[in-house]
Amino acid sequence: MGISSRCFSFTTWSDRWFRHSFSKSGLKSTTTDLGDGTVMHCWVPKTLKKHKPSLILIHGIGANAMWQWNRFISQFTRHFNVYVPDLVFFGDSTTARPERSEQFQAKCVMGLLEGHGVTRMSVIGLSYGGFVAYSMAAMFPEKVVKLVVCCAGVCMEDKDMDDGLFQVKSVDEAVSVLLPQTPEMIKELVNLTFFKPIRTLPNWFLNDFIEVMCIEHRQEKKELIQALHKDRNLSNLPKITQPMLIIWGEHDRVFPLELAHRLKRHVGEKAEAELVVIENTGHAINAEKPKELYKNLKSFLIDPFTTSKQENHSNGPKGE
């Protein structure tokens, strides 16, 4: 596909539509230079509402943050000051530094949030974003007040691959599936991540998506995936104490449901962890069951806050 046809790219058109949708929901696109060779892109509120708490939405491997959170953004901005960063090597976020760990990603996200004056927040992490979100909660417990981990194998160990826990047999195979370079590999990725896969994906669309979304920073993204697995041991994973919601697809074949139960056991009672399993869905819960996902996010993040405000109002001073 040449440059001239890129003007008519369905993927590029969709990206522009998502930008319009985010802007219409009250967000603006910003970049923050962290001063260490790292530049972070983030969608932030056009107008900060001081009475609203802050919510951070962290995307997974795949397209940029807009593609993964667009279905939820207008609902969240009604209740929160919403921040949607692109992790390093996604969207317009880059670094010249060699680090590839989720802890480095967590530091970068927190650095850009500090630049916007965000000091307390709830965080939702989707898949790879769940690793980053958990690291944020562990590294900055005074700033992260609530955590949601969605389909993120935070508790996996490097030996799980050899033990046959995953559909893929090696990290290299995982990279080839998660960072597809051919229409056939995208179809394999869809089959892996959806409980009911989309069957009608024409090659012209898939080739277009690959050119726009899957080529840039592929080597660096490969290193991010490799860093997740290298020398990973459950005994080295910090136990957080913030209230946490764990949401998983019943038929997740990227990070099997066993890892959700393992995470709940790991944090124990201190984190007040709640596990919700969404039936008849796979790994891509944000795409396959967005209504059920939002319902559970709302119950954990919004309803208690709304109830508290109503109680404060009803218990407040009464007029004569």
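So, Val132, is that one within 18 Å of Leu228 (Cβ to Cβ), among the β-branched types (Val, Ile, Thr) and either over 11 Å from the mean Cα position of the chain (by Cα) or not in a strand (DSSP E or B) (or both) or not?
yes
Out of (1) touching a helix residue (DSSP H, G or I) at 6+ places or on another chain (Cβ under 8 Å); (2) under 21 Å from Gly91 (Cβ atoms); (3) not basic (Lys, Arg), the odd one out for Ile215 is which?
Unmet for Ile215, out of (1) touching a helix residue (DSSP H, G or I) at 6+ places or on another chain (Cβ under 8 Å); (2) under 21 Å from Gly91 (Cβ atoms); (3) not basic (Lys, Arg): (1).
Looking at segment 233-249, which of its residues are in a loop (DSSP other than H, G, I, E, B) and open to solvent by less than 50 Å² (accessible area, probe 1.4 Å)?
Answer for segment 233-249, where residues must be in a loop (DSSP other than H, G, I, E, B) and open to solvent by less than 50 Å² (accessible area, probe 1.4 Å): Leu237, Ile240, Gln242, Pro243.
Can we say Val44 is under 15 Å from the mean Cα position of the chain (by Cα), crowded, with 17+ Cβ neighbours inside 10 Å, modelled with pLDDT of 95 or more and among the β-branched types (Val, Ile, Thr)?
No.
Checking the structure you have, find out if any residue of segment 197-204 is within 25 Å of Asp86 (Cα to Cα) and not basic (Lys, Arg).
Keep residues of segment 197-204 that are within 25 Å of Asp86 (Cα to Cα), which gives none.
No: zero hits.
Which ones in segment 158-168 are assigned to a loop (DSSP other than H, G, I, E, B) and not aromatic (Phe, Trp, Tyr)?
The answer is Asp158, Asp163, Gly164, Leu165, Gln167, Val168.
Name the helices (runs of 4 or more DSSP H) wholly within segment 6-122 that hold at least 2 residues that are without any contact (Cβ under 8 Å) to a residue 40 or more places away in the chain and of a type in the set (A, V, I, L, M)?
Those helices (runs of 4 or more DSSP H) span 102-115.
Return the residues of segment 18-36 that are modelled with pLDDT under 95 and either open to solvent by 80 Å² or more (accessible area, probe 1.4 Å) or small (Gly, Ala, Ser) (or both); say none if nothing qualifies.
The answer is Gly35, and nothing else.
Within the bounds of segment 169-191, is there any residue that is assigned to a helix (DSSP H, G or I), in contact with a helix residue (DSSP H, G or I) (Cβ under 8 Å, 6 or more places away or on another chain), of a type in the set (D, E, K, R) and surrounded by fewer than 18 Cβ atoms within 10 Å (Cβ to Cβ)?
We begin by selecting, within segment 169-191, every residue assigned to a helix (DSSP H, G or I); these are 171-178, 183-191.
Imposing the further condition that a residue be in contact with a helix residue (DSSP H, G or I) (Cβ under 8 Å, 6 or more places away or on another chain) reduces the set to 171, 174-178, 183, 185-189.
This time we only want the ones that are of a type in the set (D, E, K, R), so: 187-188.
Pick out the ones that are also surrounded by fewer than 18 Cβ atoms within 10 Å (Cβ to Cβ) and you get 187-188.
Yes, segment 169-191 contains a residue that is assigned to a helix (DSSP H, G or I), in contact with a helix residue (DSSP H, G or I) (Cβ under 8 Å, 6 or more places away or on another chain), of a type in the set (D, E, K, R) and surrounded by fewer than 18 Cβ atoms within 10 Å (Cβ to Cβ).
Can you tell me which residue in segment 141-166 is farthest from Lys298 (Cα to Cα), limited to those that are among the aliphatic types (A, V, I, L, M) and within 20 Å of the chain's Cα centre (by Cα)? Let's see the steps before the verdict.
The first filter runs over segment 141-166 and keeps only residues among the aliphatic types (A, V, I, L, M), leaving 144-145, 147-149, 152, 154, 156, 161, 165.
Subsequent filtering for residues that are within 20 Å of the chain's Cα centre (by Cα) retains 144-145, 147-149, 152, 154, 156.
On the way: Val144: 18, Val145: 16, Leu147: 13, Val148: 11, Val149: 14, Ala152: 19, Val154: 23, Met156: 27 Å.
Applying the filter and picking the extreme gives Met156.
Report, by residue number, each residue of segment 199-232 that is in a loop (DSSP other than H, G, I, E, B), open to solvent by less than 70 Å² (accessible area, probe 1.4 Å) and closer than 30 Å to Met139 by Cα. Quick ask: steps written out before the conclusion?
Of the residues in segment 199-232, the ones in a loop (DSSP other than H, G, I, E, B) are 199-202, 215-217, 230-232.
Retained after the next criterion (residues that are open to solvent by less than 70 Å² (accessible area, probe 1.4 Å)): 201-202, 217, 232.
Matches in segment 199-232: His217, Arg232.
Restrict the check to segment 306-317 and report whether at least one residue is modelled with pLDDT of 95 or more, open to solvent by less than 30 Å² (accessible area, probe 1.4 Å) and not aromatic (Phe, Trp, Tyr). Steps first, answer last, please.
Step one: of segment 306-317, the residues modelled with pLDDT of 95 or more are none.
Taking every residue of segment 306-317 in turn, none turns out to be modelled with pLDDT of 95 or more, open to solvent by less than 30 Å² (accessible area, probe 1.4 Å) and not aromatic (Phe, Trp, Tyr).
Would you point out which residue out of Glu288, Glu272 is open to solvent by 50 Å² or more (accessible area, probe 1.4 Å) and acidic (Asp, Glu)? If you could, list the steps in order and put the result at the bottom.
Details: Glu288 fails: open to solvent by 50 Å² or more (accessible area, probe 1.4 Å).
Sole residue among the options that is open to solvent by 50 Å² or more (accessible area, probe 1.4 Å) and acidic (Asp, Glu): Glu272.
Determine whether segment 50-60 contains at least one residue that is open to solvent by 60 Å² or more (accessible area, probe 1.4 Å), over 16 Å from Val109 (Cβ atoms) and at pLDDT below 95.
yes
The values are calculated or read from the model by the stated rules, or taken from the named source; none is laboratory data. Bear in mind the structure is a predicted one, so any value in this text is a computation, not a measurement. Because the Cβ atoms are built from the backbone with ideal geometry, glycine has one as well, and the counts that use them run over all protein chains shown. All accessible areas refer to the heavy atoms of the entire protein, side chains included, with ligands and DNA or RNA removed. Shrake-Rupley method; radii C 1.70, N 1.55, O 1.52, S 1.80 Å.
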